[in-house]
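The block underneath contains the structure these notes are about, expressed in structure tokens.
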Amino acid sequence: MQEYFEVGQIVNTSGLKGLVKVNLFTDDIEKFDKVLIEKNKQLIEYEIEGVRYHKNQALIKFKGIDDIDKAETFRNCYIKVKRCWEEELPEDTYYIVDLIGLEVFSDENEKLGVLKEVYPVPGGNNDVYVVETNGKDLLLPAIGDVIKKIDIPNKKMIVHLIDGLM
């Protein structure tokens, strides 16, 4: 399993006092007191002093980054957190990074392909899993009638193909 999760990318600075603009890959950066910034293939731990939001980006102030010059050195760096810093997920909930690459089998033990993407459906109640099958994509709704078993340790997913999916 992946030890670190990317939660954002620093794309620019904001103002003169060390704020950075971040494109977030998480729905709640404020649940973390500290993060790791990957710079020159090294992870540097920083404490988050404050977060504001502006135009679909987070403006983050890190302790120790107090001027625009230092903030500028982090442009295009990724922000990560350790897996162990994340909250425990509810039952039948998974990190997307753990799902990508699972081998997908029908409930009749026919190999269908490999899970290559997960699309959240805006305003929808479920995601859509994209399974690469012989050069074509099979779209599966992430609902209990279709997704029967997810076995992360064995990198396997069992699905039931209801009428109209293939």
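Quick grid of which residues meet (1) among the aliphatic types (A, V, I, L, M); (2) in contact with a Ser or Thr (Cβ under 8 Å, 6 or more places away or on another chain):
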{"site": "THR73", "(1), (2)": "no, no"}
{"site": "ILE79", "(1), (2)": "yes, no"}
{"site": "GLU87", "(1), (2)": "no, no"}
{"site": "ASP98", "(1), (2)": "no, no"}
{"site": "GLY101", "(1), (2)": "no, no"}
{"site": "SER106", "(1), (2)": "no, no"}
{"site": "GLY113", "(1), (2)": "no, yes"}
{"site": "VAL118", "(1), (2)": "yes, no"}
{"site": "ASN125", "(1), (2)": "no, no"}
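Of the residues making up region 106-118, at least one is under 30 Å from ASN12 (Cβ atoms) and not acidic (Asp, Glu). For ARG52, indicate whether it is in the same structural domain as GLY8 (by TED's automatic domain parsing) and part of a loop (DSSP other than H, G, I, E, B). Criteria not met by ARG52.
Filtered by the rule that a residue be more than 22 Å from GLN57 (Cα to Cα) and either small (Gly, Ala, Ser) or in the same structural domain as ILE29 (by TED's automatic domain parsing) (or both), region 100-132 gives GLY101, SER106, GLY113, GLY124. So PHE105 passes all but one of these: (1) over 16 Å from the mean Cα position of the chain (by Cα); (2) closer than 23 Å to LYS31 by Cα. Which condition number does it fail? Of the numbered conditions (1) over 16 Å from the mean Cα position of the chain (by Cα); (2) closer than 23 Å to LYS31 by Cα, the odd one out for PHE105 is (2). The set of residues in region 142-159 that are more than 17 Å from GLU117 (Cβ to Cβ) and part of a strand (DSSP E or B) comprises LYS148, LYS149, ASP151, LYS156, ILE158. Restricting region 30-55 to residues that are among the basic types (Lys, Arg) and exposed (fewer than 11 other Cβ atoms within 10 Å of the Cβ) leaves a set whose member that is farthest from ASN76 (Cα to Cα) is LYS55. In region 123-144, the condition of being aliphatic (A, V, I, L, M) and in contact (Cβ under 8 Å) with a residue 40 or more places away in the chain is met by no residue. Cβ separations smaller than 6 Å between residues 6+ apart or across chains give the following pairs from region 85-100 residues that are closer than 16 Å to ASN154 by Cβ to residues that are of a type in the set (A, V, I, L, M) and part of a loop (DSSP other than H, G, I, E, B): ASP98/ILE152.
The values are calculated or read from the model by the stated rules, or taken from the named source; none is laboratory data. The shown structure was predicted, so the numbers you read here are calculated from the model rather than taken from an experiment. We place every Cβ from the backbone using ideal geometry, glycine too, and count neighbours over all the protein chains shown.
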